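The block underneath contains the structure these notes are about, expressed in structure tokens.
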Amino acid sequence: MISTQTISLASVVLQAEGNVVSDMNGEKVMLSIKSGKYYNLGTIGGEIWELIKSPTEIMEVVNRLLKDYEIEQKVCEQDVLSFINHLNNEGLIQIVN
């Protein structure tokens, strides 16, 4: 079910059930069993996907990426929120708070 909740850096999210994810040359690809849609999460999107296997605050995801990549914090926050919102709009995640 697609959530209409507002997502912020303090939101806690996790992967929704019903997706088959595979690694293809370092990039994550996913098939939603519910919708039949195919997604290429890419490398960093795949990392985010792995980080939300269990309930995780979005700011924790941002902090992890800031440790691994040279990126400005504000840009990282915006990019992660945009990606998480896309996953939410597609019904691929759950918001737990």
Using a 1.4 Å probe on the protein chains only, how many percent of the accessible area of the chain belongs to carbon and sulfur? 50
Sequence neighbours fewer than 8 away in the same chain don't count; with that in mind, list the lysines whose C-alpha is under 21 Å from Lys37. Lys28, Lys53
Along its principal axes, what span do the Cα atoms of the chain show, with the longest given first and each in whole Å? 36, 34, 19
About its Cα centre, the chain carries a charge dipole, from +1 on Lys and Arg Cβ atoms and -1 on Asp and Glu Cβ atoms, whose size in debye to the nearest 20 is 300
GNM flexibility winner over the chain from Asp79, Asp23, Asp68 (Cα, springs under 10 Å): Asp68
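Could you tell me the ratio Rg/Rh of region 7-52? Both radii from Cα atoms, Rh via Kirkwood.
Details: Rg = 11.3 Å, Rh = 11.3 Å.
Rg/Rh for region 7-52 comes to 1.00.
The values are calculated or read from the model by the stated rules, or taken from the named source; none is laboratory data. Computed from a prediction, not measured in an experiment: that's the story for all the values here. A quick note on method: Cβ atoms are made from the backbone with ideal geometry, for glycine too, and the neighbour counts reach across all protein chains shown. Areas reflect the complete protein model, heavy atoms only, side chains present, ligands, DNA and RNA absent. Shrake-Rupley method; radii C 1.70, N 1.55, O 1.52, S 1.80 Å.
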